[in-house]
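In what follows, a single structure is set out as structure tokens and then discussed.
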């Protein structure tokens, strides 16, 4: 059977755009279907996401006001709304400003940043501006409140709140500045029904970019949506048939992607509390998922050793086959370690991503190439242990977590070797090197790099005595909890991220989608 690089999913029928819609026997709109909270595993209810009846228009009948509005007036209204939104966000983040500062600096900078993020290309070379060598362990703040290993950490974009989830089934909300515990969402024992929360290990968390929703998933096969402002449970999605391994919100939209051990990816509209569709393709448990601004996501398929990019609108997927090997240094070509499982994935920008697995290697991929652009072997060293029959055996420390600072050249990786390692992507985007390491005792189950609206760059670390998916490794001296660190900026560092106007004009152009593209 041919192993095609481009693997297409099903074809959709074109929706009718006539004024009259044909009545359908199906229940509601399949594209945005209200969720039934019953524990139903009926495939006919959730299907494969067929959307023959999808309504693409906003409404069948426009209001009189909308009919009278001209195209120019509509553009003006949308532009004013966009600027008002920016002003409101800046007011909340900074706590007051004057009109001169807005006109001269704040709005201009935000518009420029939004324009560059719309391009979907790496455009921030900031790794060199941080002091990443010789980090003082005393600057690493700790928060302890979970009984078992912490499996996930997320921070709000404002940098105000930190959320941690654990194998004990609970979620804790922290004040990120003081690390004071603000609220606890408790877990319950297995088998308890009608409980507004998790009844087994929580494996993942995700926050919407507008800071409105927190999503959590776990071994109880459920996705729970929580209100950030009100600290209450909103809705539960129970359509997955196995553990929910990873969650990701699309930037700028409350569209949620979920990856499960049942080998499927599901899409959800959290605003409407509804299911959208299911994506199929992986041949083994899906272990990780990530997304940015475009309507697409990337996943890793565990032991099927593939990473996949799902193009939602085009209904197609790109398949990238892993299987990195580490050979002996004596030149014999003998394979020392082989990648048997791809566990972690993180998007650098819309066209590049990173993967890591049980071989200890980190690979950099370009979506236009079938093979990795660059692979760094044994990134976290060798783990040696005694065997009664074979003596000392050395195996690579797995890559248990990966995170990027989106659209920049900085990323971080974690394992159980005692360090979180920081890396810089080269100028030509064809390699990377280690630029720092942070001492962290325990198994690093999750990482998050975030630049807050106050221009602080924070690193959140979820640490446990054991792995999130098992107990193959147990480090009794480690402390279950989260670690939080602010990356310090070098003295006299000049921020040149977006200052070179001439370079920007040379590198920007129009692509087929009408967006600006940043050429490499």
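Here is how the numbers come out for the structure above:
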read-out: Pairwise centroid distance, computed over Cα atoms, of the stretch 420-493 with the stretch 362-407, Å; value: 16 Å
read-out: Cβ crowding within 10 Å averaged over residues, with 428-438, 122-132 ranked highest first; value: 122-132, 428-438
read-out: In Å, descending, principal axis extents of the Cα set of the stretch 354-412; value: 48, 24, 12
read-out: Full-stretch length increase - residue 389, residue 273 - with 0.36 nm per residue and alpha-carbon distance subtracted; value: 36.2 nm
read-out: Protection-proxy order for peptides 182-189, 213-220, 136-143, each taking the mean of Cβ atoms within 10 Å per residue, highest first; value: 213-220, 182-189, 136-143
read-out: Estimated Rh, the stretch 127-486: Kirkwood, alpha-carbon pairs, angstrom; value: 20.4 Å
read-out: Whole-angstrom gap from the stretch 299-345 to the stretch 176-242, using each part's C-alpha centre; value: 31 Å
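Laboratory data are not the source of any read-out in this text; all were calculated from the coordinates shown. Just so it is clear, the model here is predicted, and its values are computed rather than measured. Neighbour counts run over all protein chains shown; Cβ positions are idealised from the backbone, glycine included.
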